[in-house]
1. How about the range 1-88: which strands (runs of 3 or more DSSP E) wholly inside it have at least 1 residues that are among the polar types (S, T, N, Q) and in the same structural domain as G113 (by TED's automatic domain parsing)?
2. List every residue pair whose Cβ atoms lie under 6 Å apart, where the two residues are 6 or more positions apart in sequence or sit on different chains, the first residue falls within the range 111-125 and is farther than 20 Å from P136 by Cβ, and the second residue, located anywhere, is open to solvent by less than 60 Å² (accessible area, probe 1.4 Å) and among the basic types (K, R).
3. Which count do you get for residues in the range 115-127 that are assigned to a helix (DSSP H, G or I) and open to solvent by less than 50 Å² (accessible area, probe 1.4 Å)?
4. In the range 87-98, is there at least one residue being open to solvent by 40 Å² or more (accessible area, probe 1.4 Å), in contact with a helix residue (DSSP H, G or I) (Cβ under 7 Å, 6 or more places away or on another chain) and either among the charged types (D, E, K, R) or in contact (Cβ under 8 Å) with a residue 24 or more places away in the chain (or both)?
5. Can you work out which of the residues in the range 222-259 that are in a strand (DSSP E or B) and in contact with a Ser or Thr (Cβ under 8 Å, 6 or more places away or on another chain) is surrounded by the fewest Cβ atoms within 10 Å (Cβ to Cβ)?
6. Please state which one of E151, E173, E130 is in a loop (DSSP other than H, G, I, E, B) and assigned by TED's automatic domain parsing to the domain that holds G47.
7. Against the definition (part of a loop (DSSP other than H, G, I, E, B), surrounded by 11 or more Cβ atoms within 10 Å (Cβ to Cβ), assigned by TED's automatic domain parsing to the domain that holds D37 and touching a residue at least 24 places away in the same chain (Cβ under 8 Å)), how does V138 come out, yes or no?
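The values are calculated or read from the model by the stated rules, or taken from the named source; none is laboratory data. Being a predicted model, the structure only gives us computed values, none of them experimental. Cβ atoms come from the backbone with ideal geometry, glycine included; neighbour counts cover every protein chain shown. Quick note on the areas: whole protein, heavy atoms, side chains included, nothing else; ligands and nucleic acids left out. Shrake-Rupley method; radii C 1.70, N 1.55, O 1.52, S 1.80 Å.
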Amino acid sequence: MKALVFASSDDLLLEVLNFSVQAGLSTDILITGDNCDERSKEIAKRGAKNIFICDTVDPTDEDSLTSLISSLSGGYGMVLTSSDRIGKAVSARVSQRMRAGSVMDVISFMRRGDELILVRHIMGGKAVVEERVVLPVVVGIKPRKFEPAKENPVEPNIRRIEFSPVSRLRIVERRRKKASGVRLDRADIVIGCGRGFKSKDDLKLAYELAELLGAAVGSSRPLAADLKWMPEERWIGMSGVTIKPKLYIAVGISGQQQHIAGITDSKIIVAVNSDPNAPIFRSSDYGVVQDLYKFLPALKSVIGRRKR
């Protein structure tokens with residue numbers, strides 16, 4: 001089975017490529033945007049059969065990406081991408097043009113004879129469903145479920161594609177968004193903040209602890225989406241960022257299912273909540289029933305003394 005892989009960033013692309021290689025698919029890759037030639041040198045080491053380069057299409061231009069991928073999709077049983085925001089938006093439109101099915105948020109796969117079975121969460125992470133692939137199909141791989149593809153001695157063919165952007169939008173300016181700390185999806189330690197914090201200023205308690213631990217700080221949905229106390233890229237959960245740290249400390253978070261769906265791959269989960277019946281404790285390895293305003297300063301003090 002032949003697969004065409006694309007993604008909005010190279011790190012996500014390598015995760016999707018790993019899925020494709022593990023599934024035994026004959027994989028071609030599409031790279032768009034700036035520095036395609038230089039980026040392709042690293043990606044070429046990872047096991048693709050062919051690499052298509054198109055530096056005239058921006059990887060965030062959904063209109064042009066949809067048209068480009070649709071024009072290349074003939075002959076492929078699968079179009080693979082990451083289930084990030086751009087991947088989902090483009091996948092829906094590509095699958096419509098291909099008259100194909102679409103399966104998003106895939107977390108693993110199985111082989112049953114010649115059939116490829118895709119596995120994903122449903123019902124807010126409460127259940128797992130197995131879906132039999134009917135070709136053609138567009139598939140989105142959930143971020144952080146697969147490691148980046150390892151080096152492979154296969155030498156791919158590299159081909160440049162000339163394609164004129166067809167976006168209905170005209171980009172007049174680009175400004176790089178200021179990074180707000182360590183990336184959540186790459187951090188070894190993450191501190192999550194919830195509605196237990198009474199004000200935005202009180203979040204400094206979490207940031208001070210994070211500085212001692214070398215941790216990233218994230219939040220539950222209300223703090224990012226409703227109160228706007230934290231940027232949306234700090235939102236942890238099904239509709240936000242999926243994390244996979246060695247240690248996750250949930251502070252003042254009740255533990256709604258959409259949040260739990262984003263933290264299930266954490267190796268160790270520690271919950272701090274004053275309510276002993278908070279749902280978060282059912283998903284935690286360790287639970288601390290305590291007021292966060294008492295616990296965080298005490299924990300910071302202990303860690304600070306040990307670091308001296």
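1. Output list reads 26-32, 50-54, 78-82.
2. none
3. Residues flagged as assigned to a helix (DSSP H, G or I) and open to solvent by less than 50 Å² (accessible area, probe 1.4 Å) within the range 115-127 amount to 2.
4. yes
5. The qualifying residue surrounded by the fewest Cβ atoms within 10 Å (Cβ to Cβ) is L247.
6. Residue meeting the stated conditions: E151.
7. For V138, the condition - part of a loop (DSSP other than H, G, I, E, B), surrounded by 11 or more Cβ atoms within 10 Å (Cβ to Cβ), assigned by TED's automatic domain parsing to the domain that holds D37 and touching a residue at least 24 places away in the same chain (Cβ under 8 Å) - is not met.
Every residue, every condition in (1) modelled with pLDDT of 95 or more; (2) hydroxyl-bearing (S, T, Y), yes or no:
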{"position": "R93", "(1), (2)": "yes, no"}
{"position": "D105", "(1), (2)": "no, no"}
{"position": "D114", "(1), (2)": "no, no"}
{"position": "L118", "(1), (2)": "yes, no"}
{"position": "V134", "(1), (2)": "no, no"}
{"position": "S167", "(1), (2)": "no, yes"}
{"position": "R175", "(1), (2)": "no, no"}
